[in-house]
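Let me begin by presenting the structure, written as structure tokens, before commenting on it.
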Amino acid sequence: LTGQPRARAWNERSFRRLIVDMHIGDWNPAFLARYDAERIRDDCLAAGSDGVMLYVQTHTGLCYWPTASGRQHACCRGRDLVRDTLEAFHAREVPVCAYYSVNFNNWAWLEHPDWRLQPACKRNASILFAQRYGVVCLNHPAYRAFLREQVAEITRYDFDAYFFDMIWWGGVCVCEHCLERCRRETGQELPRTVDWLDPGWCRFQRARERWLSELAAELRDEVRRRRPGRQVYHNFALALADWTRAVSFDSAQYHDFLGGDFYGGRDEQLVVSRLMLNLSERRPVEFMTTISANLIEYERQRETAELEQMAGAAASCSSAYLLIAPVNPDGTLQRPALERARSAFEVLAPYQPWFGGEPVEDVAVYLSDDSKMNFADNGRPLEELPAGSTPTYPHGHAVLGACRVLQQAHLPFGVITRRQLEQLGRYRVVVLPNVLRMDAEEAAALREYVRAGGCLYASRMTSLTETAGRRHADFMLADVFGCHYAAPEAGAVVFLRPTTAELGEAVRPDELVTHRATATQTTGAVRIAADADSTVLATLTLPYGYPQVGSVEDQDWAAIHVMAAWERTDHPVVVEHRFGAGRVIYSAADLESGGSPGQDRLFLALLRRLITEAPSFEARAHPSVWMTVFDQRDARRQLVSLLSYQAELPPLPVPEVEFRLRPPDGYRYTRLLRLPDEQPVAATVDADGVLGTRITGLDGFAAYLAEYEEQAAQKSCTR
Ligand SMILES: [Zn+2]
């Protein structure tokens, strides 16, 4: 049996993972006094996990093995907790991943004051008690040498995988090593003011991203050199964080697969799960979160129903689900947490055997790594900008909004990045949600995509500014959009008036769609001029007194509380344009980031205008239902999942879901099976080969297999 459990990679061997979360100090002898490797193992297995992550070291910097390079946790008292626990799990053939905390290292921070991160901004936007954490600078050569020694030590243990946490910046570091590296690599002093229209600033930010990517690559290579065939990944939790963290999508190539811990709720899980599916070098990916309500309130745990819904969402993406299980300071696992984990794992477990395949995605929402920023920050000194972990930048708002609307409409969509630039032809529609920075390569790929017959939706500032910092006078894609940039809209509110009966119907009973411009520019609009060969789909109506807000001393308002619609204009806001064999709808307002029902309806109606052929699947169901389909061509089937993911708990069963499904070209459906019992479900197949069925009483997560066969094979059979 030697070697047999390793026949498959770690990420394929388990889907229900627990982290034994043990960021515990060593200054009280009662800490970890009750830690028992076999009991920890038995507790994890009893909770239904089929893989675990163990801390070899933590944010404390203290090591759970007898280290030569660092300091061993005093509560080990001569024990090697790493060896004991790893052996306990391996004795039951449970795959184990090692956890190591990079740069959050209190021991190193205290021992080597010169290694400390020196953030330009002393304020911290973290939800954590920032004063508890010693963060060191990744650019300090002595720290890097120390890291290599630590990796050499932990790879003496034969883990199935290695996970490195916290490879992101705790702010812009201005230590001497960062200053020197900036000078050497960008040929300039470290800029002290944010300016996305300054090529020097943009070069510096690119360097910060590169420094992290290089470290991710270095750690992966160090592990691979010593443990060939073992997987390495880094926490991708801050993938959607703004530029301050500098976690680039480019760095994803240095992860064997993607996984990370997320706390942003349902909408974030929707986006990040789909992002990871298309950005990861390998699948399955991993969705990780705490059993506790958050990272701080350790005794307050999430509702079991919430953990179950998150498990269903992971299952809907054929992803692993990793729960962070809190260890009490005495070294025992928390009972209530284990019970909750058990319930959550039971949602996913029955369906694991059918996970996998290619996600069916007609619409691609383009997530731009370079647009995780905000032009509103231009001119702000670094001292004023705490590192942020949430997607509060304009493009992030727009991406989250676009995905939410597509999910609520049950349309097949995915999240793509520039990694898919050469495969854009796979998608019927590409959505560019206020893409603030774009380079010539992206613009060229998008232009060719449309020329070849693709459809595009783009909004607001998309393609106006180059990634390198150059603001153009017009959109780089103006020829494709069929319109030209004139100026930003100056007022706080504008109104869109649909010009076609179909779009008017979509927003009924409203006649206007209100669109606000926030002071932080998270939503807004621009003024455009349309080409003669473009069709105007919505025109601009302005409030009284525009662009003034009005005050007590003037008369730039009509009714005291409101922005009343007043001046109906012919200015185009939404235009449609044919380009090559494709079609484009450009909206000067980032409708998808607005969040009101009217904005959602108009955005969706515009997308439906672009989706001319019947979508690969569609459903008539409550908006809380996620419908996801994976194509498993080798097995001649599609894996269909339905998840009722509701905001209020416990979720009510959804009375009825009707869905329609199209087979891949050249295939016809043979039957629809309910999982996990593989019982046939009544379904119709129409003349176009579309399968239709109606499900009643959707309670949580459900999955089906739609089996198909080659059309030619079927014909020869009947003849
Ligand atoms: Zn530094």
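No value in this document is a laboratory result; all are computed from the given coordinates. Computed from a predicted structure; not experimentally measured. Cβ coordinates were reconstructed from backbone atoms using ideal geometry, including for glycine residues, and neighbour counts include every protein chain displayed.
A few remarks follow.
- Against the empirical 2.2 N^0.38 Å (N residues), region 613-673 has a Cα radius of gyration ratio of 1.30.
- Here the calculated FRET efficiency for ARG123 and ARG668, from their Cβ-Cβ distance with R0 = 60 Å, stands at 0.45, rounded to the nearest 0.05.
- Rg over Rh for region 77-167 works out to 1.05, using Cα positions for both radii and the Kirkwood form for Rh.
- The simple spin-label model puts a point 7 Å past each Cα toward its Cβ; for GLU656 and HIS90 those points are separated by 5.7 nm.
- Relative contact order, whole percent, for the chain stands at 11, derived from Cα pairs under 8 Å and 6 or more residues apart.
- Calculated FRET value between LEU512 and ARG470, using beta carbons and R₀ = 35 Å, to 0.05: 0.45
- Relative protection proxy for 421-427, 238-244, 570-576, from highest mean packing down: 238-244, 570-576, 421-427 (other beta-carbon atoms within 10 angstrom).
- Kirkwood Rh and Cα Rg combined as Rg over Rh, evaluated for region 293-412: 1.07
- Taking the C-alpha atoms of region 1-151, convex hull volume expressed per residue in Å³: 153 Å³
- Expressed in Å, the radius of gyration and Dmax of the Cα atoms of the chain are 26.8, 86.
- Full-extension gain in nm, THR535 to ALA559, via 0.36 nm per residue minus C-alpha separation: 5.2 nm
- Residues ASP160, ASP43, sorted so that the one with the fewest Cβ neighbours within 10 Å comes first: ASP43, ASP160
- Taking the centroid of alpha carbons for each part, region 439-512 and region 529-565 are 20 Å apart.
- Region 339-489 pair-distance distribution - Cα-Cα, 5 Å bins, rounded %: 2, 8, 16, 18, 17, 14, 10, 7, 5, 4, 2, 0
- Kirkwood analysis of the Cα pair distances in region 130-175 returns a hydrodynamic radius of 12.7 Å.
- Dimensionless Rg/Rh of region 12-70 - Kirkwood Rh, Rg from C-alpha atoms: 1.02
- The protection proxy used here, the mean number of other Cβ atoms lying within 10 Å of each residue, ranks peptides 466-476, 385-395 as follows, highest first: 385-395, 466-476.
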